[in-house]
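Participant: So that we are looking at the same thing, I have put the structure below in structure tokens.
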Amino acid sequence: MPGIARFALVVREYDEAIAFYTEKLGFELLEDTDLGGAKRWVRVAPPGNTGAELLLARAVDDEQRSRIGNQAGGRVFLFLETDDFWRDFETFRARDVEVLREPVEETYGTVAVFLDLYGNKFRPDRASQQRGLLVADPPAPDETRRFLHARVRHSRHFRGHCHGMGL
């Protein structure tokens, strides 16, 4: 099955979007090709990225312009993988990236929400994220078993199956 190579982010102007994503977030400019007619093929991604890229797509009509800053209908649209939440949080803050939600401890990890230059929401997530659970440090094996047991013991789907898993 094919993977996701990139997704489009509707922007007001190419150069201001390139500046934000490269200077504020530290992304690399992978390509900026003039396609003629004031259209460009602009790709950015975090350094060392092996996943999907952002294709910065300049809005050309009123319908597209209405989507600028509301790429995901008010939800977080971009989850940036990080191996050090606090380092990246402080880097973004030092680069004057707007913080919408200060860091809070949730049951699944530390969460903060930022805004891009247009108002789209994004947040850093730990590299060890698995299905929405953020792990700050790998727990000891006994702690992992207790955590998993507490998470699944009341689930109808898993009821009766914990014993066979050693939980």
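Laboratory data are not the source of any read-out in this text; all were calculated from the coordinates shown. Everything quoted here is computed from the prediction, not taken from an experiment. For neighbour counting, all protein chains shown are included, and Cβ atoms are generated from backbone atoms with ideal geometry for every residue, glycine included.
Participant: Taking the range 22-55 on its own, how many of its residues are in contact with a Leu (Cβ under 7 Å, 6 or more places away or on another chain), in contact (Cβ under 8 Å) with a residue 40 or more places away in the chain and within 21 Å of V113 (Cβ to Cβ)?
Facilitator: Residues meeting the conditions: 1.
Participant: Just give me the residues in the range 94-127 being within 18 Å of G73 (Cα to Cα), under 15 Å from the mean Cα position of the chain (by Cα) and surrounded by 15 or more Cβ atoms within 10 Å (Cβ to Cβ), in sequence order.
Facilitator: Those that are within 18 Å of G73 (Cα to Cα), under 15 Å from the mean Cα position of the chain (by Cα) and surrounded by 15 or more Cβ atoms within 10 Å (Cβ to Cβ): V113, F114, L115, D116, N120, K121, F122, R123.
Participant: Mind listing whichever residues of the range 83-112 are acidic (D, E) and at positive phi?
Facilitator: Answer for the range 83-112, where residues must be acidic (D, E) and at positive phi: just D96.
Participant: Moving to a separate point now. Residue by residue through the range 85-102, note down the ones that are out of contact with any Ser or Thr (no Cβ under 6 Å at 6 or more places or on another chain) and not in a strand (DSSP E or B).
Facilitator: The answer is W86, R87, F89, E90, T91, F92, R93, A94, R95, D96, V97.
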